[in-house]
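Right, one structure below, let's go through it.
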C-alpha cells in the first residue's frame, strides 16, 4: 500500500513540474529580436542603419515606428537623407521626431524616429537611403543605409476579390471578433519591469556621484582656464597666417572659422555649441540671453552661409571670407569677458 502511495505522489510531482515548464515556455516571448548592427570597424568614420520598433504583425493603418541611427567619430558632420516616395515603396511618412544624441566609447550616436503607415497589405521595403558626411580636414564621403523590410497584413478575409469584399460588407453585421490575448507577454513584462527598475535606481545613484565629481573638476578647471577670447584670437591669427583664402581653400577656411566661433561660445558661456548641428544650435541660441538680437542674427547668417560652402559646394568670394573673419573677430570683441589684471 505504501509503495502505491509513493508512486502516486511521484506521479503528481512529475505532472506539476511538467505543467510549470510548459507555462514558462508560453510566458516567454519567442519573437525574433531586431538584428543589431555589426561592431564598428576601427577607424570607420561613420555608419548608419535602420531599426524597426515593434515585432508586428502590422495591420493596414497601424502606426509603424522606425529609427534611423547614425554613429561616428568626433569631428564628423553629416546630412540626414531626404525620404522620397520611391525609397519608401508605398509607405506614407506621418511624422519625424527630434534628433536624440549620446556618446558611447569615444563615438557619438544620433537617433531620429520616423513614423509610417501603410494603406495596403503586402511586403514593403525602405531602401536607397544615403548619408553624406565630411571631417574636419574637408574629406568627404557617402555611406549607404541598409534596407529595412516589413510586412503589412489586412484584417479583411483573405482570397476575396474587391467585389466580394464589398458584397460581404452589405450582409448583416456580425459580432465583433477580438484579437487573441497575449498572455505570454505578461510574465516577461513584469520581470523586465522589475529588472529595469533596479538598474535605473543603480544607474541614477552612480550617475549622481559621477556628475558631482565632474562638476568639481570642471569648477576647478574654470578657475585656471585661459580666457575664452584670448584662445579664440590666437586661433584667428593662426587661421590668417595659413592663407587659405589666398589659395582657394574656402571649404576648409569656413569649416575652421565656424569651429572657432562655436568653441568660443562654448568656452565663454558654457554652451554646448560644438556637439550640435547648425539647426539645433540656432534653436538653442534663440532661447539664450547672452547675445543681443542683432548679434544672434549676424551669427545665424554666418553659420548658415558656412553650411552652404561646406555642404552645397557654394563658391564664395575672397572678400566675403575676409568679411566673415572680421565679423567673428568683432563678435568676440563685443562679448569677451572682462579680465581683472590687478595683482
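Wholly within region 235-343, which helices (runs of 4 or more DSSP H) include no fewer than the required count, namely at least 2 residues that are over 32 Å from the mean Cα position of the chain (by Cα) and surrounded by 13 or more Cβ atoms within 10 Å (Cβ to Cβ)?
Fully inside region 235-343 and qualifying: 318-335.
Out of curiosity, is residue 109 touching a strand residue (DSSP E or B) at 6+ places or on another chain (Cβ under 9 Å), outside any loop (DSSP other than H, G, I, E, B) and modelled with pLDDT of 85 or more?
Criteria met by residue 109.
Within region 252-261, is there a residue that is outside the structural domain of residue 79 (by TED's automatic domain parsing) and in contact with a strand residue (DSSP E or B) (Cβ under 9 Å, 6 or more places away or on another chain)?
Step one: of region 252-261, the residues outside the structural domain of residue 79 (by TED's automatic domain parsing) are 252-261.
Those still in the list that are in contact with a strand residue (DSSP E or B) (Cβ under 9 Å, 6 or more places away or on another chain) too: 255.
Yes, because at least one residue in region 252-261 is outside the structural domain of residue 79 (by TED's automatic domain parsing) and in contact with a strand residue (DSSP E or B) (Cβ under 9 Å, 6 or more places away or on another chain).
This table checks each residue for (1) loosely packed, with under 14 Cβ neighbours inside 10 Å; (2) without any contact (Cβ under 8 Å) to a residue 12 or more places away in the chain; (3) assigned by TED's automatic domain parsing to the domain that holds residue 281.
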residue	(1), (2), (3)
71	no, no, no
80	no, no, no
87	no, no, no
97	yes, no, no
105	yes, yes, no
109	no, no, no
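Which numbered condition in (1) touching a helix residue (DSSP H, G or I) at 6+ places or on another chain (Cβ under 6 Å); (2) over 21 Å from residue 336 (Cβ atoms) is the only one that residue 271 fails?
For residue 271, the exception is condition (2).
Determine whether region 125-146 contains at least one residue that is under 19 Å from residue 60 (Cα atoms), at pLDDT below 90 and either out of contact with any strand residue (DSSP E or B) (no Cβ under 8 Å at 6 or more places or on another chain) or buried (at least 16 other Cβ atoms within 10 Å of the Cβ) (or both).
Checked region 125-146: no residue is under 19 Å from residue 60 (Cα atoms), at pLDDT below 90 and either out of contact with any strand residue (DSSP E or B) (no Cβ under 8 Å at 6 or more places or on another chain) or buried (at least 16 other Cβ atoms within 10 Å of the Cβ) (or both).
The values are calculated or read from the model by the stated rules, or taken from the named source; none is laboratory data. Note that the structure is a prediction, hence the values are computed from the model and not measured. In this analysis, Cβ positions are derived from the backbone assuming ideal geometry, glycine residues included, and neighbour counts consider all displayed protein chains.
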